[in-house]
Amino acid sequence: MDCHYVQQHYGVPAQIGRRVVVGGKPGVIAADRGNYIGVNFDDHKPGHIENAHPTSDVVYGEMGRVRKPSRGRARYQRYLEYGDGFDNFVDFCYWDADPERSWNH
């Protein structure tokens with residue numbers, strides 16, 4: 001279950017895909033960040049996620065939809081996650097473009 005710790009510890013209905021208003025800014029929960037919620041605000045690009053405290057000026061709403069990041073942004077996120085294992089970005093790009101990768105289907 002996503003956002004399980006936040007739900008149990010803070011008693012809030014946090015889950016990925018739920019609409020929220022944090023400090024007057026609308027957005028959607030897009031990531032489980034442990035004891036924080038990762039919010040993609042409506043005025044930010046898809047894939048840009050900021051941490052927010054689950055009880056600090058947060059209003060929870062109905063379920064919504066998490067916007068998918070662009071292909072370039074998604075590749076960059078994968079590079080941040082896996083890039084340390086490569087000598088350079090070009091080697092990473094060859095590995096990333098392999099048709100056997102789950103995100104290339």
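The values are calculated or read from the model by the stated rules, or taken from the named source; none is laboratory data. Since we're looking at a predicted model, the values are computed, not measured. The area values use the complete protein model at the heavy-atom level, side chains included, leaving out ligands, DNA and RNA. Shrake-Rupley method; radii C 1.70, N 1.55, O 1.52, S 1.80 Å.
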Check: In terms of modelled amide H atoms, which long-range or inter-chain residues lie less than 5 Å from the amide H of Ala31?
Finding: Gly38
Checklist line | Sulfur and carbon atoms: percent of accessible area, region 54-105 [1.4 Å] | finding: 49
Notebook entry, point to check: Contour minus end-to-end for Glu100 and Tyr82, with contour as 0.36 nm per residue of separation and end-to-end as the Cα-Cα distance?
Noted result: 4.9 nm
Check: Which of these, Asn35, Asn88, Asn51, has the largest mean-square fluctuation under a Gaussian network model of the chain (Cα springs below 10 Å)?
Finding: Asn88
Next item on the list: Round to a whole angstrom and tell me the spacing of the C-alpha centers of region 1-47 and region 64-94.
Entry: 22
Next item on the list: With θ set to phi - 60°, apply the Karplus curve 6.51 cos²θ - 1.76 cosθ + 1.60 along region 63-71 and write out the HN-Hα couplings as whole Hz, x wherever there is a Gly or Pro.
Entry: 6, x, 10, 7, 6, 6, x, 5, 4
Note to self: Could you tell me the ratio Rg/Rh of the chain? Both radii from Cα atoms, Rh via Kirkwood.
What the structure shows: 1.06
